[in-house]
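The values are calculated or read from the model by the stated rules, or taken from the named source; none is laboratory data. Just so it is clear, the structure is predicted and the values come from calculations on it, not from any experiment. All Cβ positions, even for glycine, are placed from backbone atoms using ideal geometry, and neighbour counts span all protein chains on display. Keep in mind that these areas ignore ligands, DNA and RNA; they rest on the heavy atoms of the full protein, side chains included. Shrake-Rupley method; radii C 1.70, N 1.55, O 1.52, S 1.80 Å.
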Amino acid sequence: MVNAGPALALAATAFFTALPVHGAGLYPKSSAVIQVDGKNYDRLIAQSNYTSIVEFYAPWCGHCKNLQPAYEKAAKSLTGLAKVAAVNCDEESNKQFCGSMGVQGFPTLKIVKPSKKAGKSIVEDYNGPRTAKGIVESMKDKIPNYVKKINDDTITVFLEDNKETPKAVLFTKLGKTSDLMKSIAIEFKDTITVAQIRDKETTSASIFKVEKFPALLLLPANQLVIDPIWYNGELNKAGIVEFLTEKTSITAHPDPATPKVKVKKPKEEKAKKPKEEETEKEELESESASQAFEEGSGATVTDETLVDEATPSPNPIVEAEKPIIIPDPTPPIGLLSTAAELAAECLGPKTGTCILALLPGTPDAVGSVAAGSLAEIAHKHKLSRRHIFPFYVVPELNEGYAAIKKALDLEHLDIIAINGKRGWWRRVPLGGDKLSESDVTEEALEDWVDAIRLGEGAKSKLPAGLVPEEPEELEESAPIEPETLIPEETPEVVNEEEPVAEKTADIHHEL
């Protein structure tokens with residue numbers, strides 16, 4: 001297939017626009033998977049301090065349905081540590097957005113990481129295992145660690161540096177940074193410095209008279225004399241966030257809040273008292289926090305206690321349960337976006353058999369089912385390393401689309417087989433006046449393709465002019481001996497590229 005460049009992007013967008021709507025998505029509002037769309041993606045994902053994994057899916061996709069349980073499980077395990085989101089590309093408002101993200105098959109998983117530039121993100125394809133455990137482990141490897149590790153050699157510099165910023169310090173027996181502290185550091189990125197000191201750093205421990213581990217303290221901003229505030233609650237995210245917010249008046253908001261419309265005060269309005277302004281500020285912060293929580297940014301990690309053992313995974317149950325293996329997404333079939341590509345691949349005097357899906361500019365549900373069925377058949381043959389003729393989509397923007405329609409007297413969306421070299425074509429059998437979804441199921445199309453491979457079924461002769469005749473070549477060499485001439489075959493007699501016996505054995509092997 002030739003690279004179509006902008007034409008491919010245009011066709012992909014047109015394909016998404018034409019996908020049928022099948023109602024609600026796979027993930028309910030109660031799901032740990034965050035529902036994202038084209039409008040809130042930038043605010044909730046692209047501009048977030050969290051690393052996210054985003055699934056682009058369609059509710060009718062079988063692979064998407066198989067992935068759902070594992071994806072839900074991963075979302076619960078990563079709660080508060082990373083974002084697990086999903087975009088329903090079947091919704092009309094999301095189709096253009098999914099196309100712009102380069103989605104060409106379902107499900108497509110992408111990882112979105114914050115970059116060094118504020119408000120920017122790095123997007124990459126997720127190629128890891130499609131199991132709950134695999135997703136959790138892959139995501140944990142990509143989560144940024146903003147927790148500073150301090151020792152006796154650096155404690156003095158740490159205390160003197162950035163005194164205008166509060167510091168939260170955990171004294172622990174663990175050498176590895178826990179998921180809990182990573183999550184706290186993400187929540188308060190650029191507002192509270194989060195650090196960790198091991199118990200073996202005796203000088204640092206003696207400065208604060210730490211005798212029991214783990215222990216968490218807060219150093220308020222602009223202290224002239226070190227006077228820590230100790231945290232006495234359980235070491236879980238909810239308790240620590242509440243403690244830091246209460247003592248510093250800094251609210252944890254890793255995501256930009258929903259834009260609010262500011263209403264100008266009338267000039268004659270009486271100035272509010274300081275106490276009234278403080279009350280209004282607290283109400284606004286509470287409202288923003290509630291809204292952020294509903295949209296997925298206020299999730300908290302599972303309560304965990306820091307002990308002397310290695311940090312466990314967020315949810316050990318994931319490792320114990322049998323993983324759900326999800327196959328790689330089926331790639332779409334090739335696209336012929338120009339007349340030159342169509343002629344070179346399928347309408348030339350020497351071209352072999354091609355399957356062409358002629359999709360109008362606004363294909364319906366039948367078109368999307370047909371393209372999906374052909375993709376599944378082609379992918380199945382590729383995985384089994386069985387030879388099969390190529391399948392292509394011919395969009396209406398291709399000039400050759402109209403030529404085929406006119407020459408073969410086709411009116412609606414159609415799927416045809418064509419052989420330029422032998423001059424024949426045949427159409428997918430119709431159950432009515434035009435193609436229906438039952439005509440283009442994977443089973444129906446596979447039976448039709450198998451019949452073509454075995455040379456079974458009637459074929460029609462291609463009308464003159466659709467495939468250009470091969471120009472005669474004048475050879476300077478000696479004339480060809482009579483015994484080397486090959487009789488010309490008529491279009492009705494079709495010899496496929498493999499012997500019938502071998503193909504019959506191949507079909508039996510498939511069954």
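Of the residues making up region 40-62, not one is among the basic types (Lys, Arg) and open to solvent by less than 10 Å² (accessible area, probe 1.4 Å). Scanning region 408-420 for residues that are within 24 Å of residue 432 (Cα to Cα) and buried (at least 17 other Cβ atoms within 10 Å of the Cβ) yields 408, 413, 414, 415, 416, 417, 418. Remark: pairs (first residue in region 404-417, more than 22 Å from residue 453 (Cα to Cα); second residue open to solvent by 40 Å² or more (accessible area, probe 1.4 Å) and not basic (Lys, Arg); Cβ separation under 6 Å; 6+ apart in sequence or on different chains) = 407/463. In region 195-209 there is no residue matching the filter, namely being over 16 Å from residue 151 (Cα atoms) and either out of contact with any strand residue (DSSP E or B) (no Cβ under 7 Å at 6 or more places or on another chain) or surrounded by fewer than 19 Cβ atoms within 10 Å (Cβ to Cβ) (or both).
Being within 17 Å of residue 388 (Cα to Cα), at pLDDT below 90 and in contact with a helix residue (DSSP H, G or I) (Cβ under 6 Å, 6 or more places away or on another chain), is that true of even one residue in region 421-432? No - not one qualifying residue is present in region 421-432. Filtered by the rule that a residue be out of contact with any Leu (no Cβ under 9 Å at 6 or more places or on another chain), closer than 18 Å to residue 388 by Cα and surrounded by 15 or more Cβ atoms within 10 Å (Cβ to Cβ), region 337-353 gives 351, 352, 353. Go through region 82-120 residue by residue and tally those that are crowded, with 22+ Cβ neighbours inside 10 Å and of a type in the set (Phe, Trp, Tyr). Counting residues in region 82-120 that are crowded, with 22+ Cβ neighbours inside 10 Å and of a type in the set (Phe, Trp, Tyr) gives 1. Pairs linking a residue in region 83-96 that is modelled with pLDDT of 90 or more to a residue that is acidic (Asp, Glu), with Cβ atoms under 6 Å and 6 or more positions apart or on different chains, are 86/55; 94/37.
When each of 67, 44, 78, 109 is tested for being more than 24 Å from residue 144 (Cβ to Cβ) and of a type in the set (A, V, I, L, M), the lone residue that passes is 67. Could you tell me whether residue 188 is closer than 30 Å to residue 41 by Cβ, crowded, with 17+ Cβ neighbours inside 10 Å, in contact with a strand residue (DSSP E or B) (Cβ under 8 Å, 6 or more places away or on another chain) and modelled with pLDDT of 90 or more? Yes, satisfied. Taking strands (runs of 3 or more DSSP E) as the structural unit, those lying wholly within region 119-213 and holding at least 1 residues that are in contact with a helix residue (DSSP H, G or I) (Cβ under 8 Å, 6 or more places away or on another chain), closer than 21 Å to residue 243 by Cα and not hydroxyl-bearing (Ser, Thr, Tyr) correspond to 148-150, 167-172, 193-198.
In the set (1) in a helix (DSSP H, G or I); (2) open to solvent by less than 30 Å² (accessible area, probe 1.4 Å); (3) over 25 Å from residue 44 (Cβ atoms), the condition left unmet by residue 246 is number (2).
Evaluate the following for residue 400: is it over 23 Å from residue 442 (Cβ atoms), at pLDDT 85 or above and not aromatic (Phe, Trp, Tyr)? When the stated conditions are applied, residue 400 passes them.
Residue count for region 338-375, restricted to those that are over 25 Å from residue 422 (Cα atoms) and not β-branched (Val, Ile, Thr): 12.
Restricting attention to region 366-397 and to residues that are over 15 Å from residue 448 (Cα atoms), among the hydroxyl-bearing types (Ser, Thr, Tyr) and open to solvent by less than 50 Å² (accessible area, probe 1.4 Å), the residue that is modelled with the highest pLDDT turns out to be 392.
Take the conditions of a type in the set (Ser, Thr, Tyr), touching a residue at least 12 places away in the same chain (Cβ under 8 Å) and open to solvent by less than 70 Å² (accessible area, probe 1.4 Å) and apply them to residue 165. Does it pass? It is true that residue 165 is of a type in the set (Ser, Thr, Tyr), touching a residue at least 12 places away in the same chain (Cβ under 8 Å) and open to solvent by less than 70 Å² (accessible area, probe 1.4 Å).
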